[in-house]
Structures are given as C-alpha cells and as structure tokens.
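Q: After the structure tokens below, expect a handful of questions from me.
The values are calculated or read from the model by the stated rules, or taken from the named source; none is laboratory data. This structure is a prediction, so every number in the text was calculated from the model and none was measured. Positions of Cβ are backbone-derived with ideal geometry, glycine not excepted, and every protein chain shown enters the neighbour counts. SASA here: full protein model, heavy atoms, side chains in, ligands and nucleic acids out. Shrake-Rupley method; radii C 1.70, N 1.55, O 1.52, S 1.80 Å.
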Amino acid sequence: MAASEKDDVKLHMLAEDQQDNIHLDETAPNGVEDEVNKPTPDTTVKGSGGNADVQDKSAKGRNMFFKDGKRRIDYVLAWESKEDDLKHKDRNIKAREIFETHLKEEGLQLEEDLTVSKEEEADFVKVHAPYEVLTRYAEILKLKMPVKKSFKNMQSYQNLVLDKIQMKYSQLENPMKSVSTKLWTKVTGIANRIYTPFQLNEELVPNVKRRFTLVYSRDKEYLFDIPEDKDTFFDNATRSRIVNFILRRKSFSTDKNDAYSFGINKMINDNIYTAAYSLHEGHWKPGSAPNERKLLFDHWGNWRNMFKVQPLEHVRNYFGAKIGIYFTWLGFYTMMLIPASIVGLVVFIYGIAVAPGSYPAKEICDPKNNFTMCPLCDFQCPYWNLYESCSNAIASRMFDNGGTVFFAIFMSFWGTLFLEFWKRRQATMQYKWDLLDYVREEQPPRPEYLARLENCTHYRIHPITGLKEPHLPFWTKRVPIFLMSYSIMFFLGFLAIAAVFGVIAYRVSVLAALQVLTKDRPTSTNSTLVATTTATIYENASLVTTVTAACINLLIIIILNMIYSRLAFWLTDLECLRTQKEYDDSITLKLFALQFVNYYSSIIYIAFFKGRIIGRPGKYTTMFGARQEECAAGGCLIELCIQLAIIMTGKQLFVNNFTELVLPKLIKMIKRCLSKETKAEKASRASYEKDYKLEAAQSTSLFYEYLEMVLQFGFLTIFVAAFPLGPLFSLINNIIEIRMDSSKMITHLRRPLADRSPDIGIWYSVLYGISRIAIISNAFIIALTSDYIPRMVYLNSYSKDDSLKGYLNHTMSYFNTSDFEVDHRPTYAGSENIQICRYRDFRNPPWSENAYEFSQLFWHILAARFVFVVVFQNVIVLITGLIAWLIPDVPAELKVQIRREAYISNEIIIKTELLRAQGKSPEEGEAAIEAISEVGPQYLVDDTGSAKLMYRKSPGNSPEREEENIV
C-alpha cells in the first residue's frame with residue numbers, strides 16, 4: 001500500500017476505533033458478535049479481533065479468521081515501518097506492493113492490519129488461500145488426500161471374516177505352531193500390561209486414524225471425502241505449506257529477467273518483511289479453549305507426562321512430517337536406551353561387587369607387599385609405596401573386569417539393532433504419513449546466494465528449472481574458496497588438539513606439585529585438619545588431577561564450540577552454495593567434524609596414547625623438555641571413565657539443559673521486566689501479534705538437535721567399554737530433552753512450517769559410520785587400555801594355580817636407582833638410600849644380560865592384544881552384518897499392505913472411470929465407488945486405514961454361499 005493511501009486508511013480506522021475495540025466473550029450479545037463479524041474492508045487496525053485473552057478462554061477459542069469471520073488466516077506477513085531506513089523505505093514499500101499484487105494475481109486474498117500509533121511495533125498482512133487455489137496447488141504438489149468412506153457395510157463383516165479365517169486355518173496349524181503362538185501371545189500380553197501405564201489416555205488424546213488416501217486430482221474430485229464446508233478439506237498445516245510454496249516463488253520486481261528479486265525468504269533477508277509465519281491454533285495456557293496446541297502442551301510438552309509416550313500423530317498433524325520424524329527418531333532412540341541402560345547398570349553393579357575381592361586390588365592394597373615405586377616426576381618427586389594407590393586400584397577394577405568385555409560386545413550388537421529397527425520404524429511412519437512416494441521439490445536458490453551474486457557477470461540456464469541464474473565458475477571461484485575453507489577447518493581441528501596438549505601440561509605440572517607434598521608434608525602439626533587434608537590430597541593426587549583436568553577440558557570444549565559454530569557458518573557462507581539442502585549438508589559436515597575433534601580428542605588421547613610412549617626410568621621420552629604423564633597404578637581406564645563422565649554428563653545434563661531450559665526463561669523474564677506494555681495492552685493484542693512476539697523458528701533448529709544426539713550416540717558406542725553407566729545417563733537426558741524440545745516448540749517459537757521429510761537425512765549415514773568406528777574403538781580399548789588381556793595371558797600361561805595370585809608382581813619391572821641420569825635423579829634428602837624401585841612395564845631386570853629391554857612376556861602380551869583386536873573386530877562385523885541382512889528394512893506385512901493399497905487405488909480409479917464413461921455415475925461418480933463393493937472385490941478398512949480384501953460377491957449366490965466365499 002502506498003504512503004498516501006496509508007494516511008487515508010489511518011483516518012478511516014480512527015473514525016471506527018470504538019467499533020474495532022469491541023471485546024467478545026462467551027456471553028457476548030448476538031448483536032455485538034454479528035456487528036464485529038460482518039464484512040468490512042480488507043484493511044483493519046490492531047485489536048479488531050477482540051480481547052485476545054478473552055478469545056483464548058472463550059468457547060470459540062482464538063480468532064483465526066479475517067474480519068468477515070469466514071476466511072481463515074493461513075499465513076501472516078509482518079514488517080516494521082520504523083526499521084525502514086530512509087534510503088530503502090521507498091524501495092521496500094514498492095517491493096511489498098508488487099509482491100502483494102502478484103499474490104493477488106495468484107488467487108490469494110489479503111487483509112492488511114496497519115499501525116495507528118508510533119508505539120505499535122509492526123504492520124501485518126494476513127493471507128488467505130481460497131479453495132480453488134488450494135486444490136490447484138494440491139494437484140501440482142501431488143498431495144495425498146483421503147478418499148470417501150464408501151464401504152458402508154464392511155464393518156458388519158469384520159467379525160464374520162475373522163471367524164472364517166480362524167476356522168479355515170485352525171485345522172492346518174501344527175501343534176508346535178500353536179504352542180509358539182500361545183507363548184508369543186502371552187509374552188506380548190505381559191509386555192502390553194507393562195506398557196499400559198506409559199500410554200496416553202485415549203479419551204483425552206484421541207487416536208488419529210489413518211485414512212485411505214490417493215494423490216489429489218481436480219478431475220477426480222468425486223473420489224475424495226470433501227465435506228460440505230470445503231475450506232475444512234485441507235487441514236491448517238497443509239494450507240500453510242501451500243501458501244508458503246507460493247510465497248517462495250513470487251517475484252517482488254516488475255523485471256521478469258531479474259533473477260534476484262523473488263521469494264519471501266529473500267524479502268526477509270533484505271528486511272522488506274521482518275517475518276512470515278503461520279498461526280498457532282489457540283493458546284497453550286491453562287484455562288484456554290480446547291485446541292490442538294493446548295492438547296500438545298498438556299499431553300506432550302508438560303513435564304508431568306515425561307514418562308508417557310509421545311502423541312506422534314498429533315505432532316505430525318500440527319508441526320509437519322519433518323518435525324514428526326525427528327521426534328519419532330528421538331523417542332525410538334530413547335526407548336532403545338532402556339535395555340542398554342539396564343545391562344550397563346548390571347555390569348556396573350557387578351564391577352562394584354567384584355572390585356574389592358580381585359587379586360590385583362588386594363595385592364595393591366596390602367601394605368605387606370612393600371613395592372617401592374619409582375618417582376612420577378624428575379628432581380622433586382619422591383619414591384612412593386604402591387599401597388598408597390589402593391583406592392584408585394579398587395575404583396579401576398570396578399570398570400576393568402570381564403563385564404566390560406561383555407558390555408562392549410553387547411553395545412556393538414545394540415548399535416546395529418538400533419539402526420536396523422529404526423529403518424523398519426521409519427518405513428512404518430512413511431507409510432502412515434504418506435511419505436513413501438515422497439519426491440523432494442526442486443529448491444530455489446537461497447536468498448543469501450542471490451545476494452552475494454548480485455553483481456555476478458556469469459550466468460547459465462539451470463538444467464532443472466530452465467531459468468537463467470547467476471553462476472560461480474568452478475575452477476576460478478569455487479576451488480579457491482573450498483581450499484581456503486577446509487584449510488581453516490584443519491587449523492581449527494589442530495586448535496582443539498593443541499588445547500588437549502595444554503591440558504596434558506596442566507596434568508603433569510599439577511601431579512608433580514601434589515607429589516612434592518610428600519616431602520613437605522608435616523609430620524606433626526597443631527592443626528589436625530591441615531594434616532588430614534594434606535594426606536588425603538597426596539593419597540588421591542592422581543584422582544584430583546584427573547577430575548580438575550577434565551573440568552578444565554569441558555570448559556575449553558564449551559568455548560571452542562561457540563567459536564566453531566560461528567566460524568563453520570561463516571565458512572559455509574563463503575562457499576556460496578545454491579540451495580538450502582546443499583548448505584545444510586555442508587554445515588553438517590563441518591560442524592560434526594569440528595565437534596567430533598573437540599569432544600573426542602582428549603578422550604582418544606587417554607584411551608590410546610597416554611602411558612604408551614613414556615619410555616622407562618633412566619631413559620624417559622620427553623616432550624618440550626618434560627616427561628610425559630603416566631597412567632595411575634590402576635591403569636588408564638579409570639581416568640578414561642572419569643573423563644567420559646564429566647564431559648558427557650556435564651555437556652548434556654548441565655550445559656545443554658541450561659541453555660535450552662533455564663536461559664530462555666531468564667531472557668523471557670528480563671524482557672518482561674523491561675517491557676513497558678501493560679496487561680490491558682497485552683490482552684488486546686490479536687493472535688498474529690502475539691505470535692509475532694515469539695522467537696522465529698530457524699531452519700537450523702533441528703540440525704542442532706540432531707547434532708546433540710549424534711554426539712551422544714558417539715559417546716555411547718565408541719567409548720562405551722570405559723563407562724557402562726553412559727546409557728543410563730543418556731536415557732535420563734533424553735527423557736528431559738524430549739519435554740524441553742516439545743515445550744520450546746509449543747510455547748517459545750512461532751509455528752514452524754509444516755515441512756515434509758521422509759527420513760532423518762544425512763544423519764543416518766553419520767550414525768552408521770559411528771557404529772562401525774565403535775567396533776574398532778572398543779576392541780582397542782579392551783586390548784590396550786584395560787588390563788584384561790595381560791590378566792588373561794597370565795591366567796592361562798603363567799599362573800601356577802589358575803588364579804591371579806602373584807599377577808601384580810608379574811606386571812612390575814625392576815630399576816636400579818644408580819642408573820638414573822644426573823639430570824633426572826631425585827635430589828631430595830634420603831633419596832640416595834633407595835637402591836631398587838619398581839615401575840609398571842614388561843622389561844628385563846637390571847641384572848639381566850639385556851637389561852631394561854622388552855621381555856619375552858611383553859611380546860607375548862602384545863601378540864595376544866592384536867589377535868584379540870582382529871578376532872573381536874571381524875567376528876562383530878560379521879555377526880552385525882548378518883543381523884542387518886536378516887532384518888528386512890521394511891516389514892513383510894507392510895510390503896503387502898503397500899501393494900494392496902496400490903492395487904485398490906488402481907481398481908477404484910479404473911472402475912469409476914469405466915462406470916462414468918458408461919453413464920452410470922449419478923452425482924458425479926459418488927455411486928460408482930459404491931458399485932465397486934457390489935460387483936468387485938470387497939475390502940475392509942480397519943482402524944489404521946488399511947484396506948483388506950474380504951470376499952468376492954458373485955451374482956446369484958445365496959447368503960450362506962456368500963459367507964463361505966472368503967478370499
């Protein structure tokens with residue numbers, strides 16, 4: 001609308017101000033309601049919809065219509081006039097006029113809501129799609145719509161059919177099959193009884209029955225279940241998706257050759273509009289009128305239902321299949337964590353039970369075994385007694401036992417079963433949500449892509465759309481950008497590795513400082529607390545160092561994540577990718593690679609490198625002039641467990657939950673305190689104004705949710721051998737995560753576009769790759785990091801009584817302190833009295849001919865370790881591959897169902913067209929479908945929308961004969 005016209009409209013609106021601010025409630029007089037709802041010009045002022053809070057709580061609920069009360073608001077466009085700078089104000093007004101003109105030419109109907117005072121934030125244009133436009137684009141987009149319920153007498157045959165089938169096949173079943181069927185029925189019955197408390201109340205959350213659908217065609221409207229009020233044929237999510245499809249393809253320029261000026265996304269990017277969104281259907285707060293949004297909050301986003309199953313059909317109907325698939329996957333993943341959590345908890349309890357009684361722990365904790373250990377650092381560190389690390393040894397045995405191997409094997413199978421069963425679950429949801437024949441729409445260029453190439457001189461004809469578009473030459477433009485982008489990525493990866501080296505330096509220096517306390521530890525002091533604290537710190541120096549280093553590492557990870565996120569988007573923007581899918585795939589690769597290095601580098605170091613290349617006393621391997629850190633007396637597995645626990649639980653249970661749950665509430669509270677808006681002003685806002693106040697639903701919101709869960713899956717599978725409680729903590733986190741994500745979408749965000757997606761996209765390939773890496777990783781953790789293989793070698797080849805008695809002495813080598821180099825010899829008083837010290841390694845003693853060389857036992861154990869890795873990896877890969885081959889991606893019953901429905905679709909179309917051609921189709925073919933049930937195959941439509949062939953009716957048969965004619 002032009003500026004001059006806008007002034008006239010404002011005068012008109014001021015004259016009608018009293019009428020426009022009429023508030024409706026449940027008891028409003030009919031005359032008042034009729035006065036408000038009568039047709040008015042397509043330009044209104046704010047507050048014309050009545051008191052929004054009163055509407056939300058009235059029986060009719062929130063106003064979702066134009067001023068005439070008949071045309072539904074399918075989409076809202078908003079812009080802030082005060083944000084238009086003088087330089088672009090005229091350009092923006094002209095662009096909006098052209099764009100809105102093109103929308104009207106397309107058949108859309110618009111109604112403007114303009115600001116009267118400067119205090120108002122935004123102007124709005126409400127968009128309505130008439131039935132003719134919806135049907136036209138439903139045919140273009142090949143939407144599937146429900147057909148008529150023409151099988152009127154089919155329900156009465158249901159019991160008859162079931163009885164006949166049971167009678168027919170009961171004589172053919174062998175006894176073993178009957179027994180197995182009864183057993184399976186009992187098992188499923190028990191499972192259903194266990195599952196019942198977690199089900200939603202069907203009276204409060206009604207089941208959404210699947211309707212038999214066909215691809216919509218305007219030429220065959222007689223096939224579809226079109227109600228008397230045709231505007232209700234398409235649900236709100238479908239209507240908004242069709243309108244969005246139109247908005248993304250309309251130009252806001254009069255120049256037909258302008259390849260840059262089209263689409264609502266480009267207009268928002270250029271600040272011509274500030275928002276484009278569909279409306280939430282009512283309010284979610286208590287006391288509001290019943291609506292789909294409130295139903296989802298009460299039974300999905302509410303914390304009291306955190307242990308209930310998700311109403312996925314309602315989620316899909318409200319938010320679309322893309323978001324529905326995400327929550328389906330998240331719920332399925334959470335459910336699959338239950339058996340993994342139970343097994344992990346059992347393994348952990350088993351470790352607690354066996355740890356104190358294991359021979360290695362007993363021998364370490366026995367002071368009679370007077371093992372004097374070599375110093376842990378040069379110069380100042382003292383010699384120390386092995387029994388001082390008793391608590392560390394017991395803790396290590398809790399995780400380093402036979403149960404660890406079993407759990408690693410179990411989780412390898414679990415990862416494969418999870419992915420295979422998810423494919424089956426995904427196929428089922430694709431069938432239920434009509435996504436089997438999904439074809440991705442050809443995406444238009446991204447607005448950012450067009451903006452960056454606005455001055456581009458290279459053009460080409462796009463092979464799919466046939467449109468002339470700007471183009472970046474591959475060798476001269478794209479290759480240098482890609483090289484720079486991935487070079488920076490490698491640098492960022494090395495930055496994370498450098499941070500790990502910094503944490504290593506911290507651990508070495510702090511451990512050395514704590515060890516020095518033994519020299520300065522007061523033997524007598526007036527303060528018992530000081531003496532006790534000093535003794536405790538010294539005895540647990542390794543634990544203190546590990547915990548503090550892990551916390552520092554977590555802090556560094558959080559900081560680097562913030563840097564990585566911004567740089568990854570910046571680098572992807574530089575690549576100037578044409579479509580949103582190309583952009584999403586590129587950012588997925590970058591962020592996952594960077595966060596993989598960031599989160600896992602310190603864990604990989606502890607699992608595979610720490611304590612491996614340290615050398616030996618008298619000839620230590622140094623880095624930057626300092627000794628490398630060694631594993632504690634109980635091994636490195638306990639340190640790996642602590643690192644995993646702090647990073648995994650700290651990142652998910654605290655950092656993520658704080659940013660997703662606490663931070664938004666704090667921001668909302670601060671905004672509420674700073675807002676000058678009174679309660680009366682807030683109550684007078686219309687529904688589209690309230691939704692405008694909410695945060696915009698970003699296209700990358702689901703990306704971050706997937707990334708968070710995929711990183712969690714990596715923690716669970718790649719390093720699960722070191723942390724059996726990981727699945728339990730992940731289960732707790734995911735239960736909270738589902739409610740946080742659902743609550744955020746319902747209460748904090750504008751309604752997202754009801755987009756369609758048949759699967760989880762590239763994330764399945766990422767999950768599969770992680771599951772393969774996990775097999776190798778767990779094999780090496782068991783072989784190299786844990787003491788499982790050395791214990792098995794000792795037990796089977798060196799033990800005299802088939803026990804681990806004497807294993808500790810077996811793993812300790814001797815060192816003559818006189819062989820210390822001068823630069824590394826301990827210098828504190830009394831150190832010269834120690835002649836022999838012990839250290840963990842498999843080397844010859846100083847009195848041997850090949851002193852300090854690797855012993856024969858070392859090579860024996862090394863060979864056993866590599867044999868274990870090869871056998872473990874190949875056996876697990878073979879079995880998991882066999883499992884994946886045996887489990888079909890699509891259930892057999894579903895394959896039959898899909899073929900059956902395809903057959904029915906063809907039969908209905910062929911026979912109705914034949915009858916119409918013969919002139920036997922009164923009322924535009926409605927009776928034709930009914931005729932099929934009389935002369936053709938008879939079908940039963942059950943509660944899930946599945947159509948089953950019942951019997952074929954033959955003319956002239958008696959009723960008794962018809963009952964036997966079951967197919």
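Q: Taking only segment 99-108 into account, find how many residues are in contact (Cβ under 8 Å) with a residue 60 or more places away in the chain and more than 18 Å from Ile268 (Cα to Cα).
A: Adding up the residues that qualify gives 2.
Q: Considering Ile364, Ile338, which residue is of a type in the set (A, V, I, L, M) and over 24 Å from Ile614 (Cβ atoms)?
A: After ruling out the rest, the residue left standing is Ile338.
Q: Let me ask something additional. Does segment 266-275 contain at least one residue that is surrounded by 11 or more Cβ atoms within 10 Å (Cβ to Cβ), among the charged types (D, E, K, R) and part of a loop (DSSP other than H, G, I, E, B)?
A: Yes, the conditions are met somewhere in segment 266-275.
Q: Looking at Lys668, Lys676 in this structure, which one is in contact with a helix residue (DSSP H, G or I) (Cβ under 9 Å, 6 or more places away or on another chain) and basic (Lys, Arg)?
A: Lys668
Q: Tell me yes or no: at least one residue of segment 780-800 is surrounded by fewer than 17 Cβ atoms within 10 Å (Cβ to Cβ) and β-branched (Val, Ile, Thr).
A: Taking every residue of segment 780-800 in turn, none turns out to be surrounded by fewer than 17 Cβ atoms within 10 Å (Cβ to Cβ) and β-branched (Val, Ile, Thr).
Q: Within segment 812-859, which residues are in contact with a helix residue (DSSP H, G or I) (Cβ under 7 Å, 6 or more places away or on another chain), outside any strand (DSSP E or B) and open to solvent by less than 70 Å² (accessible area, probe 1.4 Å)?
A: Tyr828, Ile834, Phe842, Pro846
Q: Is it fair to say Asp755 is in contact (Cβ under 8 Å) with a residue 60 or more places away in the chain and touching a Lys or Arg at 6+ places or on another chain (Cβ under 7 Å)?
A: Considered against the rule, which asks whether it is in contact (Cβ under 8 Å) with a residue 60 or more places away in the chain and touching a Lys or Arg at 6+ places or on another chain (Cβ under 7 Å), Asp755 comes out as yes.
Q: Ser742 versus (1) farther than 30 Å from Phe399 by Cα; (2) over 19 Å from the mean Cα position of the chain (by Cα); (3) among the small types (Gly, Ala, Ser); (4) open to solvent by less than 10 Å² (accessible area, probe 1.4 Å): which is the lone unmet condition?
A: All conditions are met except number (2).
Q: Restricting attention to segment 237-265, and to residues there that are open to solvent by 20 Å² or more (accessible area, probe 1.4 Å) and among the basic types (Lys, Arg), which single residue is modelled with the highest pLDDT?
A: Arg241
Q: Please go through segment 197-219 and pick out each residue that is farther than 11 Å from Val309 by Cβ and open to solvent by 80 Å² or more (accessible area, probe 1.4 Å).
A: Scanning segment 197-219 gives Glu202, Glu203, Leu204, Asn207, Lys209, Arg218, Asp219.
Q: Within segment 612-629, restricting attention to residues that are touching a helix residue (DSSP H, G or I) at 6+ places or on another chain (Cβ under 9 Å) and in a loop (DSSP other than H, G, I, E, B), which residue is surrounded by the fewest Cβ atoms within 10 Å (Cβ to Cβ)?
A: Phe624
Q: Looking only at segment 713-724, decide whether some residue is farther than 30 Å from Tyr788 by Cα, modelled with pLDDT of 90 or more, open to solvent by less than 20 Å² (accessible area, probe 1.4 Å) and under 12 Å from the mean Cα position of the chain (by Cα).
A: No, because not a single residue in segment 713-724 is farther than 30 Å from Tyr788 by Cα, modelled with pLDDT of 90 or more, open to solvent by less than 20 Å² (accessible area, probe 1.4 Å) and under 12 Å from the mean Cα position of the chain (by Cα).
Q: Now for a separate question. Determine which single condition Tyr704 fails, assuming it passes every other condition in (1) in contact (Cβ under 8 Å) with a residue 40 or more places away in the chain; (2) assigned to a helix (DSSP H, G or I); (3) within 30 Å of Pro664 (Cβ to Cβ).
A: Going through (1) in contact (Cβ under 8 Å) with a residue 40 or more places away in the chain; (2) assigned to a helix (DSSP H, G or I); (3) within 30 Å of Pro664 (Cβ to Cβ) one by one, Tyr704 breaks only (1).
Q: Kindly evaluate Leu894 against the criterion of being open to solvent by 50 Å² or more (accessible area, probe 1.4 Å), modelled with pLDDT of 75 or more and either in a helix (DSSP H, G or I) or of a type in the set (Lys, Arg) (or both).
A: no
Q: Can you tell me which of Ile557, Ile606 is modelled with pLDDT of 85 or more and closer than 30 Å to Gly761 by Cα?
A: Ile557
Q: A follow-up question, please. Name the pairs: first residue in segment 122-134 and more than 20 Å from Thr238 (Cα to Cα) and of a type in the set (D, E, K, R), second residue in a strand (DSSP E or B) and open to solvent by 10 Å² or more (accessible area, probe 1.4 Å), Cβ to Cβ under 8 Å, at least 6 apart or on different chains?
A: From segment 122-134, the pairs are Asp123/Trp79; Asp123/Glu112.
Q: Let me ask something else. Go through (1) among the acidic types (Asp, Glu); (2) open to solvent by 40 Å² or more (accessible area, probe 1.4 Å); (3) part of a helix (DSSP H, G or I) and name the single condition Asp755 misses.
A: Every listed condition holds for Asp755 apart from (3).
Q: Test Leu495 against the criterion of being assigned to a helix (DSSP H, G or I), closer than 25 Å to Ile603 by Cβ and either open to solvent by 70 Å² or more (accessible area, probe 1.4 Å) or at pLDDT below 75 (or both), and give yes or no.
A: Answer is no for this residue.
Q: Continuing with the same structure: Between residues in segment 571-594 that are in contact (Cβ under 8 Å) with a residue 60 or more places away in the chain and under 15 Å from Met489 (Cβ atoms) and residues that are open to solvent by 40 Å² or more (accessible area, probe 1.4 Å) and charged (D, E, K, R), which pairs lie under 7 Å by C-beta distance while being six or more apart or on different chains?
A: Hits for this filter: Asp573/Glu448.
Q: Now for a separate question. For segment 27-136, give me every one of the helices (runs of 4 or more DSSP H) that falls completely inside it and has 2 or more residues that are within 30 Å of Asp219 (Cα to Cα) and modelled with pLDDT of 90 or more.
A: So the answer is 86-106.
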